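Undergrad: Quick one: the structure is below, questions incoming.
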Amino acid sequence: MNRAPAATAAHTVLPDPDDPALSEAVVGIDETGSPVETRVAVERPLTLFLNRQEIVTVMTIGDRPDWLAVGYLKNQHMLRDDDRIVAIEHDGDLGVVVVRTERETDYEEKLQKKVRTSGCAQGTVFGDLMENFEEIALSAEARLRTSWLYALTRTINTMPSLYLTAGAIHGCVLCREDRVLLYMEDVGRHNAVDKIAGYMALHGTRPDDKIFYTTGRLTSEMVIKCVQMRIPILVSRSGFSAWGVDLARQAGLTLIGRARGKRFLALSGQERIVFDSDD
């Protein structure tokens, strides 16, 4: 896959809660009957095409459509590592993004195997999504220091975000050690994941030393996508699903949930955790 220049260690992409396209003001009343104005997240349809084939329509806040499209196609195995992207075209008025590749892809076969999952906002995976799941080897050298984890949870929970402005939003964060590199938000957590996957694919970002943080549940879909992205550590402030835990253990993924303050619960991959924080 052709890629843009790799992101440097100093490069950080954060939410822009002040973007007027991502939320709008509405008027209502509060519990006392008093009129109030509040902001609500905007969601709009975005139809993804791979070359001439319509793939899916997702509901999204609308930012980073190129990353969302590439990440979706990568995570659904409709784009392989050796597929060369020659263009990404977005028409905001039509709500369409087209990813064009140098050669034809095997998307038609994939479309026959589509199944629905537990992801909100119509998340989907394909029947053969796990075709190489057991073959993926996650980095055994990756580490998560508890000092990094505590610093990340503090930083992420206090960052300006569309969630704090309008609510009804999921966030996903790509981190390295105790530093936030990329923070994406959307109405569906799978969209936020796919935006990060698309960014990594287009920028040649290495996954083996990264930590993935999500505000959502640690479901099978989240675990599968994290493993497919080759990220060895997945953290959430929320809880787990049983199948998510089973898959994480099968893949050797470090899975940490209920991470709030200085509390967390690790149910897989505990050998990567370094307990270095005493305060």
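The values are calculated or read from the model by the stated rules, or taken from the named source; none is laboratory data. Treat the numbers as computed from the prediction; the structure is a model and nothing was measured. So basically every Cβ, Gly included, is an ideal-geometry build from the backbone, and we count neighbours across all protein chains shown. Areas reflect the complete protein model, heavy atoms only, side chains present, ligands, DNA and RNA absent. Shrake-Rupley method; radii C 1.70, N 1.55, O 1.52, S 1.80 Å.
Undergrad: Consider Leu255 carefully, then state whether it is part of a strand (DSSP E or B), open to solvent by less than 10 Å² (accessible area, probe 1.4 Å) and in contact with a Gly (Cβ under 7 Å, 6 or more places away or on another chain). Can you show your working first?
TA: Values: part of a strand (DSSP E or B): yes; open to solvent by less than 10 Å² (accessible area, probe 1.4 Å): yes; in contact with a Gly (Cβ under 7 Å, 6 or more places away or on another chain): yes.
Yes; evaluated as a whole, the condition is true for this residue.
Undergrad: Go through segment 169-180 and count every residue that is within 29 Å of Pro45 (Cβ to Cβ), open to solvent by 10 Å² or more (accessible area, probe 1.4 Å) and either aliphatic (A, V, I, L, M) or at pLDDT 95 or above (or both). Walk me through how you get there before you give the answer.
TA: The initial filter retains those residues of segment 169-180 that are within 29 Å of Pro45 (Cβ to Cβ), namely 169-174.
Of the ones still in play, those that are also open to solvent by 10 Å² or more (accessible area, probe 1.4 Å) are 169-170.
Keeping just the survivors that are either aliphatic (A, V, I, L, M) or at pLDDT 95 or above (or both) gives 169.
So the answer is 1.
Undergrad: Now for a different question. Scan segment 150-182 for residues that are part of a loop (DSSP other than H, G, I, E, B) and either closer than 19 Å to Pro232 by Cα or of a type in the set (Asp, Glu) (or both) and jot them down.
TA: Correct list: Glu177, Asp178.
Undergrad: Going by what's in this entry, would Gly198 be described as modelled with pLDDT under 95, open to solvent by less than 10 Å² (accessible area, probe 1.4 Å) and either assigned to a helix (DSSP H, G or I) or at negative phi (or both)? Steps first, answer last, please.
TA: Values: modelled with pLDDT under 95: no; open to solvent by less than 10 Å² (accessible area, probe 1.4 Å): yes; either assigned to a helix (DSSP H, G or I) or at negative phi (or both): yes.
No, not satisfied.
Undergrad: Here's something else I'd like to know. Could you tell me which residue of segment 33-63 is most open to solvent (accessible area, probe 1.4 Å), considering only residues that are modelled with pLDDT under 95 and not in a strand (DSSP E or B)?
TA: Residue satisfying both the conditions and the ranking: Arg52.
Undergrad: While we're on this one: Just give me the residues in segment 206-218 being open to solvent by 10 Å² or more (accessible area, probe 1.4 Å) and at pLDDT below 95, in sequence order.
TA: Thr215, Arg217
Undergrad: What's the total number of residues in segment 64-92 that are assigned to a strand (DSSP E or B) and of a type in the set (A, V, I, L, M, F, W, C)? Reasoning before the result, please.
TA: Of all residues in segment 64-92, those assigned to a strand (DSSP E or B) come to 85-91.
Narrowing further to those that are of a type in the set (A, V, I, L, M, F, W, C): 85-88.
Result for segment 64-92: 4.
Undergrad: If the requirement is being at negative phi, crowded, with 22+ Cβ neighbours inside 10 Å, in contact with a helix residue (DSSP H, G or I) (Cβ under 8 Å, 6 or more places away or on another chain) and part of a strand (DSSP E or B), which of these qualifies: Glu185, Glu221?
TA: Working: Glu221 fails: part of a strand (DSSP E or B).
None of the other options fit; the residue is Glu185.
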